[in-house]
Amino acid sequence: MATLVLFGLGADDPLSSTVAEELKSQLPESLDAAWFDLPAMSIGYCNGCGYCGDTNPGICCKRDQMQEIYPHLARAARIVLVSLVRFGGFGGHLKKAIDRFSPQGLGTYVLHNGEMHHEMRYPGPASVISIGIMRREDEAEEKTFHLAGSRIAACVFAERSASTVLAPGMAGEEVRSRIENSFREAGASR
Amino acid sequence: MKRVVFLLGSPRGVKTGTESIANYLEARLPGIEVQRWRAHQIFRDGDQVAAFGESLRGAQLLVLCTPVYVHSLPWPFQEVLAALDDSPNRGGLSGLNVMTVIHSGYLEDIQRQTCFEMCQHFCRETGMVYRGGFGFGASPLIDGRPLESTGRLMRWVRRALDEMATCIAHDRELSGKATALIHRHFALMPRWLMIPLMKLKVERDAKKAGVDYRARPYAIDEPVTGTTDA
């Protein structure tokens, strides 16, 4: 199963190494995983130029390391998103990459699960798993993060999605359990 | 003189729906000084976060006006909010009133919900006071034109903004009337009609430009061509 991991945590971010280790244990080599450490990559922000929609459909004009991610995004059967949580949404490193998902969509719309969405240029993934790390526990922001995860899943027409929120100080066992549960919920466990 | 600060989220430049909304609202705030900041310029033109934060001191209101980018706030806009929240001087912003206008192509409210919640969390984190906001879909149809020239297409948006201007002028929270007005926007246009109409437009534009709008350039084993420095 082609798996794309967009890892938005830097080495100094809370739980970074714990989450990375646990994710790697969930992703044996047989699962064909492509892992991208976003903070170490040179990725510009989407400026909505319209090139990918009008001028050269499906292609982002920015020559940066997002170009390495696009082919994996196009074929991923499972997408794993890892990020700090900011105001309930994805943190900056991941959000910048997500904004660059635009070439994935066509200019046309369809109804998907009763909502308008851009048609997808490629088949959607089977599942999207969002893992957020909060600076401190906050019920309201956690609720928003689950919404943000489900919206991204809807955007790429994922058949299933799951999200979980972790907080600094959380025991390794709890981190493992939450990540395992997310993979299970998304139908993507080992 | 009262002062209102606009923070605009569109990273596309100045001929955008976001600017059209801001222009329309500003024109309805006579006697109020309006300062306009564009999120993508705050970082592009050197680090202007401190200057932006300074402009908020003593202001009556901060208006957050932004498009939705992939179901959330555009990255530059979110980064400005985060930088303000991280600023050592953010304490001086406590109590500042905030209103929001969130727009996108999609018609359903749920498509803008994440943005609203994030703006409210930003207010809570910084001690600012959320005074209400509204959102609407089909905003690409504005296409950078003045809202006044969009006729019936955006009439309910204009009326909701009129009401927002009234509330700002009277230092009131955004009224339920503004929300009721915006809910009439495209209320009569069924999606089953809108979707094929928009598809026809895409097909026509692609044919005119001589491009395959369904191309799959990033499919594995197919070469990626045509990237530019645009």
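Throughout, read-outs are computed from the coordinates displayed, never taken from laboratory work. Since the model is a prediction, treat every value here as computed from it, not as a measurement. Positions of Cβ are generated from backbone atoms using ideal geometry, with glycine treated the same way; all protein chains shown enter the neighbour counts.
To the nearest 20 debye, what charge dipole does the stretch A:3-185 have about its Cα centre, counting +1 at the Cβ of each Lys and Arg and -1 at the Cβ of each Asp and Glu?
In debye, rounded to 20, the stretch A:3-185 gives about 440.
Looking at the P(r) of chain B, how many percent of alpha-carbon pairs lie beyond 30 Å?
29
Just to be sure I understand the model, the point goes 7 Å from the Cα along the line to the Cβ. What's the resulting residue A:41 to residue B:219 distance in nm?
Label-label distance for residue A:41 and residue B:219, simple model: 2.3 nm.
What number do you get for the protein assembly as shown when its Cα radius of gyration is normalised by 2.2 N^0.38 Å, N = residues?
Normalised Rg, Cα atoms only: 0.97.
Using the number of other C-beta atoms within 10 angstrom as an exposure proxy, rank B:43, B:136 with the fewest first.
Ascending Cβ contact count within 10 Å gives the list B:43, B:136.
Specify the inter-centroid distance of the stretch A:16-85 and the stretch B:159-174, based on alpha-carbon positions, in whole Å.
Taking the Cα centre of the stretch B:159-174 as reference, the centre of the stretch A:16-85 is 42 Å away.
Among B:164, B:27, B:138, pick out the residue whose Cα is farthest towards the positive end of the charge dipole of the stretch B:3-208, where Lys and Arg carry +1 and Asp and Glu carry -1 on C-beta, about the Cα centre.
About the Cα centre, the residue reaching furthest to the positive side is B:138.
Can you give the average number of partner chain beta-carbon atoms within 10 Å of each beta-carbon in peptide B:199-210, as a whole number?
That works out to 3 on average.
Assuming 0.36 nm per residue, please report the length gained on full extension of the stretch residue B:15 to residue B:43 beyond their Cα-Cα distance.
Contour length minus the Cα-Cα distance gives 8.1 nm.
Pick from A:16, A:161, A:130: which residue has the top mean-square fluctuation in a GNM of chain A where Cα pairs under 10 Å get a spring?
Result: A:16 has the largest fluctuation of those listed.
Counting partner chain Cβ atoms within 10 Å of every residue's Cβ in A:46-56, what's the average?
Shielding by partners across A:46-56 averages 6.
If the viscosity is 0.890 mPa s and the temperature 25 °C, what Stokes-Einstein diffusion coefficient in µm²/s follows for the stretch A:3-185 when Rh is the Kirkwood radius over Cα pairs?
Result for D is 147 µm²/s.
Given springs between every Cα pair under 10 Å in a Gaussian network model of chain A, which of A:111, A:166, A:81 has the largest fluctuation?
Result for chain A, Cα springs under 10 Å: A:111 fluctuates most.
Counting other beta carbons within 10 Å of each residue's own, what order do A:18, A:55, A:3, B:100 fall into, fewest first?
A:55, A:18, A:3, B:100
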